[in-house]
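The structure appears below as structure tokens.
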Amino acid sequence: MAPPPRRDSGGEDLISNLPFEIRSAIISRLATAEAARTAVLSTRWRDTWRGTPLRLDDLELPAAPGPSIARVAAAAGEPWAARADAVAVALASHPGPVERFRLSRTTLRARVSAAEAWFQDLAAGDHRAREISLLCPPEWCHGALADPLLASPTLEILSLGECRISDAGAAAASASHLTELSLSSTHISEAALQSLLSGCPALRSLILRHIQGPRRIHISSCRSLVLLGVWQYKLLEELTVEDAPRLERLLGDTHLGTAVTIVGAPKLTVLGYLVAGYRDFWHGIDKPAAQKKVAKGLSALSNSVKVLAISVTFSGKKNVESVMNLLKCFPFVETLHIQGNKRWEGGIDTIDSNYYQKLDPVECIVNHLKSVRLEIEVENRRGKGKVENQNMSEFVCFLLANAQVLQTMKIQSAMSNNPAWITEQQNLLSQCHRASAEAKVVFEGLKVVRHKGFSIEAVNALADPFDSDIDIMGY
């Protein structure tokens, strides 16, 4: 609730007599609906609300519309029309500018023209916005054209879900102050994506999540970019990053069947997840010419990556070979995350210690690896599941026997609350040679994922985004 006017014994309204700057600071800390209610307190509070940049978040609007509005909305076949009406009223009542415009539970499916009018106003009208987030669920797909937002001179943060961006709109992009961009299930062509990025020179964070259209993503000359996230999985054929001198983190679910080329990213220190175990390790890795091409593409990042995350199924030698070849590309990795996934394709092989003894030394494992986190799910202890569990145990022994500076190995499993299982694993590991006298093996439960999605700010604040309650792989 908005604070009631405070009066002294003489009846004077002390709070309303505060300077405008203080009253504005009070309103800016209130939820959307509460801030609007201050306008009924007095003319001075109404003027203060209208003079304070609008923070409109539909999560802070009433969860249920009034009975009369609900009946009208239901009759029109638009159960969420009342919430869209509330948004329209808020914009019409406030002269602007807009500090934040965030919709996550308002469907625009039947209001596409209204949404596009909002975009126009938020970009170039009186309501010029600093932050816009449209995070609509897929079932509320609206396909509104978001072109006007790309030319906003005031926009700094933009998150779009279920929208469209045209080639012409992307070519005219001139969001000079835009620092954070997130596109989720947005329709955009490969050419339009490149044009859009060229028109956002200040971009520091870019998230591309299941965008519709591109099979190839080319990030070029984004010289301010610090964080890049790409979640396309098997739909992505090529990922190219060139001339990104400030890039520090590349996150996503990049499949090793994707042709990956990264050059000009000397500060890249965090990389993952790279998904192994479904298709070949990068295109043509077994062919010398293709292997040289991959090595050339990775030359600029191999020495800088310190934190690496891999998702793999330990069902066969081919998958383990993929992991070993991958680790050879990053000789200075200090922290390794291995997520054992439950799916596999093709046959299954038993991998024993003799296999690892024949391998050449891996630079990062022998000389630099300090921390390992192995996330496994033990569900089927028979057949393929049993063999896969044995293969993972052999991989753990291989790491312990070769990592000379290893300090900590975390084994996270749903079975960690089973004392018998832990005892069994400890007995197995006690038979493994340890190259590092300081190496400690710790058994933990699977991490509790509290955030299926995440904010760019939250990820940037984490020293290691893979060892947190944010689901990087499943985003």
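State the number of residues belonging to the range 183-212 that are over 13 Å from the mean Cα position of the chain (by Cα) and within 21 Å of E248 (Cβ to Cβ). Adding up the residues that qualify gives 6. The residues of the range 323-353 that are modelled with pLDDT of 85 or more and either of a type in the set (S, T, N, Q) or in contact with a Lys or Arg (Cβ under 8 Å, 6 or more places away or on another chain) (or both), listed by number, are N325, F332, V333, E334, T335, L336, H337, I338, Q339. Figure legend. Inter-residue proximity from the range 87-111: first residues over 18 Å from D47 (Cβ atoms), second residues modelled with pLDDT under 85 and aromatic (F, W, Y), beta-carbon distance below 8 Å, spacing 6+ or different chains. Indicated pairs: R105/W80; T106/W80; T107/W80; T107/W140; L108/W140; R109/W140.
Can you confirm whether the range 418-437 contains a residue that is assigned to a loop (DSSP other than H, G, I, E, B), at pLDDT 90 or above and either among the aliphatic types (A, V, I, L, M) or over 23 Å from D352 (Cβ atoms) (or both)? Yes: the range 418-437 contains one or more residues that are assigned to a loop (DSSP other than H, G, I, E, B), at pLDDT 90 or above and either among the aliphatic types (A, V, I, L, M) or over 23 Å from D352 (Cβ atoms) (or both).
Name the residue that is modelled with the lowest pLDDT, counting only residues in the range 449-461 that are part of a loop (DSSP other than H, G, I, E, B) and surrounded by 16 or more Cβ atoms within 10 Å (Cβ to Cβ). Show your work before the answer.
We begin by selecting, within the range 449-461, every residue part of a loop (DSSP other than H, G, I, E, B); these are 449-450, 452-455, 461.
Retained after the next criterion (residues that are surrounded by 16 or more Cβ atoms within 10 Å (Cβ to Cβ)): 454-455.
Details: F454: 66, S455: 70.
Looking at residues that are part of a loop (DSSP other than H, G, I, E, B) and surrounded by 16 or more Cβ atoms within 10 Å (Cβ to Cβ), I get F454.
Applying the selection to the range 243-252, what residues are within 16 Å of the chain's Cα centre (by Cα) and crowded, with 21+ Cβ neighbours inside 10 Å?
Hits for the range 243-252 are L247, R249, L250, L251, G252.
Identification of helices (runs of 4 or more DSSP H) wholly contained in the range 17-118 with 3 or more residues that are under 25 Å from L160 (Cα atoms) and at pLDDT below 85 yields 81-93.
So that you can scan it fast, the table gives a plain yes or no per residue for (1) modelled with pLDDT under 85; (2) open to solvent by 10 Å² or more (accessible area, probe 1.4 Å):
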{"residue": "L268", "(1), (2)": "no, no"}
{"residue": "G272", "(1), (2)": "no, no"}
{"residue": "G277", "(1), (2)": "yes, no"}
{"residue": "W282", "(1), (2)": "yes, no"}
{"residue": "K292", "(1), (2)": "yes, yes"}
{"residue": "G316", "(1), (2)": "yes, no"}
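If the condition is being of a type in the set (G, A, S), more than 19 Å from S93 (Cα to Cα) and loosely packed, with under 14 Cβ neighbours inside 10 Å, then the range 14-52 contributes only A25. If the condition is being acidic (D, E) and more than 18 Å from S159 (Cβ to Cβ), then the range 177-199 contributes only E190.
The values are calculated or read from the model by the stated rules, or taken from the named source; none is laboratory data. On a predicted model such as this, the values are computed, not experimentally measured, just so you know. Don't worry about glycine lacking a Cβ; one is built from the backbone with ideal geometry, like all the others, and counts go over all protein chains shown. Note: accessible area is taken over every heavy atom of the protein model, side chains too, but ligands, DNA and RNA are not part of it. Shrake-Rupley method; radii C 1.70, N 1.55, O 1.52, S 1.80 Å.
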